[in-house]
Structure formats: structure tokens, C-alpha cells
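Trainee: Below are the C-alpha cells for one structure; questions will follow.
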Amino acid sequence: MSDEEHHFESKADAGASKTYPQQAGTIRKGGHIVIKNRACKVVEVSTSKTGKHGHAKCHFVAIDIFNGKKLEDIVPSSHNCDVPHVSRTDYQLIDISEDGFVSLLTENGNTKDDLKLPTDDALLTQIKDGFAEGKDLVVSVMSAMGEEQICALKDIGPK
């Protein structure tokens with residue numbers, strides 16, 4: 001055996017996958033799917049019959065959960081599609097900085113300062129107005145495939 005030590009350059013994370021495979025025929029409206037490397041929510045599914053040469057196909061119409069763009073994909077129903085791990089977490093809003101970043105309080109008492117204000121105008125004005133009025137606000141943060149965005153707001157009363 002050699003006395004040399006082997007060093008491996010690892011650029012991987014903890015090994016948790018951002019997606020999991022699911023058969024295209026089992027994905028339903030309201031579920032999630034990855035189209036063009038974007039996490040999307042399925043708004044419409046239609047299935048075509050098997051043709052002379054093979055598979056029934058599923059036609060997915062989906063909306064990107066982060067930017068709201070409409071995407072479409074056609075996949076044979078027997079093939080696997082990537083489905084993103086989507087999670088929603090609630091955080092209490094502590095502060096809004098001038099550069100558009102928010103400071104959030106996590107469950108364990110730490111702060112999370114790496115999220116920007118949402119691009120959705122209605123939600124943005126609700127957050128800014130509520131914060132200016134001194135209300136206690138709880139924001140829901142949706143995360144999938146390494147992306148995070150504020151997607152909802154709850155008012156839990158005055159401070």
C-alpha cells in the first residue's frame with residue numbers, strides 16, 4: 001500500500017437532494033414539478049392517449065413559485081420527473097434595511113438576514129405599511145432548490 005494520503009476537493013453540500021423523482025403520470029394539479037431547472041406549482045395536467053409508437057404523454061402547465069412565470073412541459077407518463085422539496089417556514093419580522101433586505105427571527109432565537117423583500121407589489125406594500133405602523137408581523141418563507149422568498153404575511157397584533 002502507498003503511504004500517500006488522498007485529498008478530495010468536495011464542493012457538495014450535506015448530500016441532501018434538492019429534488020426527488022416521481023412518475024409523471026402520478027403528478028396532479030396543485031403538486032410541484034421542476035421545469036427548466038425552476039421549481040413550479042402545477043396548474044393544469046392533461047394526458048394524451050398512447051399512440052402507435054409508444055407512451056401516453058402528460059402535458060404540464062405550471063407557474064414558477066418564485067417569479068410567477070408560466071412554464072410548460074410534455075413528458076411520457078411512464079418516465080420520472082423531478083419534484084422539488086418545497087418547504088414553508090414562518091419567521092417573525094424584526095427589521096427592514098434600506099437596501100431591501102429583511103431581518104427575521106428564527107424559531108431558535110437567531111436572526112436570518114439574507115432575504116430580500118418580495119418583488120410582488122401588493123405583498124411588499126403590506127409588509128412595509130404593517131412594519132411602519134409597528135405591527136408584529138410574521139412572514140412565510142417558501143424555499144425550494146436553494147432559493148428562498150417571502151410568499152405570505154400574517155399580522156399577529158400590535159407590538
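The values are calculated or read from the model by the stated rules, or taken from the named source; none is laboratory data. Keep in mind that what you see is a predicted model, and the values were worked out from it rather than measured. As a convention, Cβ positions derive from the backbone with ideal geometry for all residues, glycine included, and neighbour counts pool all protein chains shown. For the accessible areas, the whole protein counts, side chains as well, though only heavy atoms, and no ligand, DNA or RNA atoms are used. Shrake-Rupley method; radii C 1.70, N 1.55, O 1.52, S 1.80 Å.
Trainee: Tell me, what % of the accessible area of segment 101-159 is carbon and sulfur with a 1.4 angstrom probe?
Mentor: Here carbon and sulfur together make up 50 percent of the probe-accessible area.
Trainee: For the pairs LYS18/LYS116; LYS41/LYS116; LYS18/LYS154; LYS41/LYS154; LYS29/LYS128, note any where the Cα-Cα span goes beyond 25 Å.
Mentor: Violating the 25 Å limit, Cα to Cα: LYS18/LYS154; LYS29/LYS128.
Trainee: Give me the percent relative contact order of the chain, please, defined on Cα pairs under 8 angstrom at least 6 residues apart. Can you show the working numbers first?
Mentor: Working: 297 pairs, mean separation 28.1, N = 159.
18 percent.
Trainee: Here's something else I'd like to know. How long is the chain along each principal axis, judged by its Cα atoms, biggest number first, in Å?
Mentor: 65, 60, 24
Trainee: I've got another one for you. Based on the Cβ-Cβ distance from ASP90 to GLU147, what FRET efficiency comes out when R0 is 22 Å, to the nearest 0.05? Could you put the intermediate results ahead of the total?
Mentor: Numbers: r = 18 Å, r/R0 = 0.81.
Computed FRET efficiency for ASP90 and GLU147: 0.80.
Trainee: Out of the total accessible area of segment 42-92 (probe 1.4 Å, heavy atoms of protein only), what percent is carbon and sulfur?
Mentor: Working: 1540 of 3150 Å².
With neighbouring chains kept in place, the figure for segment 42-92 is 49 percent.
Trainee: Oh, and also: Which value in deg cm²/dmol, rounded to the nearest 500, describes the helix-derived mean residue ellipticity at 222 nm for the chain, given -39,500 (n - 2.57) per DSSP H run of n ≥ 4 and division by the residue count?
Mentor: Dividing the helical sum by the residues of the chain leaves -2500 deg cm²/dmol.
Trainee: Sticking with the crude label model, points 7 Å out along Cα→Cβ, report the distance from VAL61 to GLU44 in nm, one decimal please.
Mentor: 0.1
Trainee: Something else: Mind putting together the pair-distance distribution for segment 93-159? All Cα pairs, 5 Å bins, whole percent per bin, short to long.
Mentor: So the P(r) values, bin by bin, are 4, 16, 30, 30, 15, 4, 1.
Trainee: I would also like to ask the following. What's the Cα-based Rg to Rh of segment 60-138, Rh via Kirkwood? The partial results should precede the final answer.
Mentor: On the way: Rg = 17.2 Å, Rh = 15.4 Å.
With Rg and the Kirkwood Rh in hand, the quotient comes to 1.12.
Trainee: Also: Using alpha carbons only, how many degrees (0 to 90, rounded to 10) separate the axis of helix 121-132 from the longest principal axis of the chain?
Mentor: That works out to roughly 30 degrees.
Trainee: Need the full-extension length gain, LYS70 to LYS29, defined as separation in residues times 0.36 nm minus the C-alpha distance. One decimal, nm.
Mentor: In short, 13.3 nm is gained.
Trainee: Moving to a separate point now. With r as the distance between the Cβ atoms of ASP155 and LYS116 and R0 = 22 Å, compute the FRET efficiency 1/(1 + (r/R0)^6) and round to 0.05.
Mentor: Working: r = 21 Å, r/R0 = 0.96.
The formula returns an efficiency of 0.55 here.
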